[in-house]
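Written out below as structure tokens is the structure these notes cover.
The values are calculated or read from the model by the stated rules, or taken from the named source; none is laboratory data. Fair warning: this is a prediction, and the values are worked out from it, not measured in the lab. Backbone-built Cβ (ideal geometry, glycine too); neighbour counts: all protein chains shown. Accessible surface is based on the protein model in full, side chains and every heavy atom, while ligands, DNA and RNA are left aside. Shrake-Rupley method; radii C 1.70, N 1.55, O 1.52, S 1.80 Å.
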Amino acid sequence: MFEEASEVLENMLKWSLPLSLVLFLVLVCPLRAEAAHEFSVYRMQQYDLQGQTYGSRNAILNTEARTMEAEVLSRRCVMMRLADFSYEKYQKALRQSAGAVVIILPQNMSTMPQDIVQQFMELEPELLATETIVPVYFALEDEELLSIYTQTQISSSSQGSSSAAEVLLHTATANGFQMVTSGAQSKAVSDWAITSLEGRLTGAGGEDLPTIVLVAHYDSFGVAPWLSYGADSNGSGVAILLELARLFSRLYSYKRTHAGYNLLFFLSGGGKFNYQGTKRWLEDNLDHTDSSLLQDNVAFVLCLDTLGNSDNLHLHVSKPPKEGSPQHVLLKQLETVAAHQHPDLKFSMVHKKINLADDTLAWEHERFGIRRLPSFTLSHLESHRSPARHSWVMIGALSLRNTKVIAETLARVIYNLTEKGVSGDLQIFTEQMQVQEDQLESLVDWLTAQPRAAQLVDKDSSIVNTLEHLVRADKRDPEFVFYDQLKQTMNAYRVKPAIFDLLLAFCIASYLGVLYLAIQVGQIFRHI
């Protein structure tokens, strides 16, 4: 009788305890389908300019996720949402030796309150002002990533519980996330070159004709290169320049309207990096050649920068134009067109001297001013320090009105309409010659269809190849160093904390101990 009972007990223990262990593992371990989430991340800028390092200097990430609610952030990947982001929190994470920072952005920035968007735009220059040792990434929010953030936030908040037992229990049972990037460490890009493009319309009536230069830099800038689409800065300037080239090429194709001015159109690269493309172009045209339109009779240089939708238009100058000069004529014609044709537009001239002590120039026209070429910059921004010029945030639709103002002003200068007694109300570009809004919108849509950060627009990019059909390309080595690994794939693996491994080891040891004792007891009963 005792032998039968012991055999039944032994069989029950042999089968029930393994099943219990399996059930325990199934309940506490994450399901395979939910164990990982893969998403794209975009690394903060990393570049060297004139020997000074900027941005995030690391790209490798393999650490556990936490949010700012956690008491300990050391060697953790700190996740922040843009709605909760502040520079103080960012600095706190760095001071606590965080292993990485991931900032989660909304898919559509228009859903964010304007004050939050403006605050982050103002913080972008501060984030890039000094180098950061740890990797800093940006990710676009989706449902799974938001779920990961929420679970991580709950887990991080629990660390502040008053009861040590509650903390231990929650730590042992909670799911964590290990954030891992798939790429390698960043390294300097050695085969990158600045690509600038130029085109010209030759005037009629002689050899020594005055030249008007129209300039716009085509690259964009932001805290993360892969998020820098730059609709206003400076997609608007490029679109307007190309539309001006189309309009005046039609005028110059007819003998009756072929003016006595050379028009030079220049699309510069590296504009967001101290206008390096413009600097090289000037060196080539003024120092390394004997035949250039820039060496002859330059009436003025007009740079187009951030000309999106606004009720303001500012002409930035380094030196106020003298009365009677071509530059003064341009200023007066701008005032005339704005007052007579667009009275709702507030136009003004902004005077700022060139400060050679600064690391970077304020406006692109200053590159020309240093070489003693009369130059201006047109922009709807009153200050070069405006966050809109250096932010990845897409703001400001293209201004059809600004395009008309510039086109009408240039036409009045080129054809000398004021001295001919033509009223300021007369519009040149009407009917078949009018500014085409659809064309402008298509240009901006094309320019913002992909990021145009200088690191991403190399000599083989689709943007450069397309622009080469319109103007001639000039490719030069830059004076700054870019780094790769700006876009990576990040995996969030669902993991248990280290204390869970200890708890699991304890449970397995206990199970084996109970099983061993049960077998021993069964054998004892069998011998009785």
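Divide by every residue of the chain the summed helix terms, -39500 (n - 2.57) for each DSSP H run of at least 4, and state the resulting mean residue ellipticity at 222 nm, rounded to the nearest 500 deg cm²/dmol.
About -11500 deg cm²/dmol.
What size of dipole, in debye to the nearest 20, comes out for the chain about its Cα centre when the only charges are +1 on Lys and Arg C-beta atoms and -1 on Asp and Glu C-beta atoms?
740
Counting alpha carbon pairs within less than 8 Å and at least 6 residues apart, what relative contact order, in whole percent, applies to region 249-360?
Contact order relative to length: 21 percent.
Spelling out what I want: for every residue of region 442-451, take phi, set θ = phi - 60°, compute 6.51 cos²θ - 1.76 cosθ + 1.60 (Karplus), and round to whole Hz; glycine and proline get x.
5, 5, 5, 4, 5, 5, 9, 6, 8, x
In sequence order, what are the phi-derived ³J(HN,Hα) couplings for region 275-283 according to the Karplus relation 6.51 cos²θ - 1.76 cosθ + 1.60 with θ = phi - 60°, rounded to whole Hz, with x for glycine and proline?
6, 5, x, 5, 4, 5, 5, 5, 4
What residues have an amide H closer than 5 Å to that of residue 297, excluding those fewer than 5 places away on the same chain, when H is modeled at 1.01 Å from N in the peptide plane?
211
Among the DSSP beta bridges whose two residues both lie in the chain, what percent are antiparallel, rounded to the nearest 5?
50
Amide H to amide H under 5 Å from residue 98: which residues, 5+ apart in sequence or cross-chain, H placed 1.01 Å off N in plane?
Hits under the 5 Å cutoff: 75.
Pick out, from 492, 102, 324, the residue whose Cα sits farthest towards the positive end of the charge dipole of the chain, with +1 on the Cβ of Lys and Arg and -1 on the Cβ of Asp and Glu.
Highest projection toward the positive end goes to 324.
Can you tell me the dipole magnitude for region 193-477 around its Cα centre, using point charges on the Cβ only (Lys, Arg +1; Asp, Glu -1), in Debye to the nearest 20?
Once rounded to the nearest 20, the dipole reads 380 debye.
Kirkwood-based Rg over Rh for region 324-382 (C-alpha set), two decimals?
Taking Rg over the Kirkwood Rh, I get 1.03.
Within 10 Å, count the other beta carbons around each residue, average over each peptide in 144-150, 426-432, 366-372, 268-274, and list them highest first.
268-274, 366-372, 144-150, 426-432
I need the phi-derived Karplus couplings for region 457-465: 6.51 cos²θ - 1.76 cosθ + 1.60, θ = phi - 60°, integer Hz, Gly and Pro marked x.
Karplus values, whole Hz, x for Gly and Pro: 9, 8, 5, 9, 5, 5, 5, 5, 4.
Using amide H atoms built 1.01 Å from N in the peptide plane, name the residues 5+ places from residue 61, or on other chains, whose amide H lies under 5 Å from its own.
Here the answer is 181, since their amide H atoms fall under 5 Å of that of residue 61.
How much net charge surrounds residue 304 when only the other residues with a Cβ under 12 Å from the Cβ of residue 304 are counted, with Lys and Arg +1 and Asp and Glu -1?
Summing Lys/Arg as +1 and Asp/Glu as -1 gives -4.
Go through 255/319; 279/420; 346/459; 279/319; 272/404; 322/346 and tell me which ones have a Cα-Cα distance over 28 Å in this structure.
Over 28 Å apart, Cα to Cα: 255/319; 279/420; 346/459.
How large, in percent, is the carbon and sulfur part of the accessible surface of region 193-477 at a probe radius of 1.4 Å?
46
Based on the Cβ-Cβ distance of residue 360 and residue 510, what FRET efficiency does E = 1/(1 + (r/R0)^6) give at R0 = 60 Å, to the nearest 0.05?
It comes to 0.35.
Please find the FRET efficiency linking residue 200 to residue 81, where r is the Cβ-Cβ separation and R0 is fixed at 60 Å, and quote it to the nearest 0.05.
For R0 = 60 Å, the calculated efficiency reads 0.75.
Alpha carbon centre of region 253-310 versus region 315-374: separation in Å?
First find each Cα centre; the distance between them is then 15 Å.
For region 331-457, state what percent of all Cα-Cα pairs lands in each successive 5 Å bin, counting from 0 Å until the bin that includes the largest distance.
Values per bin, smallest distances first: 2, 8, 14, 16, 18, 18, 14, 7, 3, 1.
May I ask you to list the chymotrypsin sites (Phe, Trp or Tyr not before Pro) in region 60-139 that are in a DSSP loop and have at most 11 other Cβ atoms within 10 Å of their Cβ?
Sites meeting the loop and neighbour criteria: none at all.
At 1.4 Å probe size, what's the solvent-accessible area of residue 344? Round to the nearest 10 Å².
The value for residue 344 is about 90 Å².
Per residue, how much accessible area does the chain have with a 1.4 Å probe, in Å²?
47
Where does region 193-477 land on the Kirkwood hydrodynamic radius, alpha-carbon pairs, in angstrom?
Taking the inverse mean of 1/r over all distinct Cα pairs, region 193-477 comes out at 18.9 Å.
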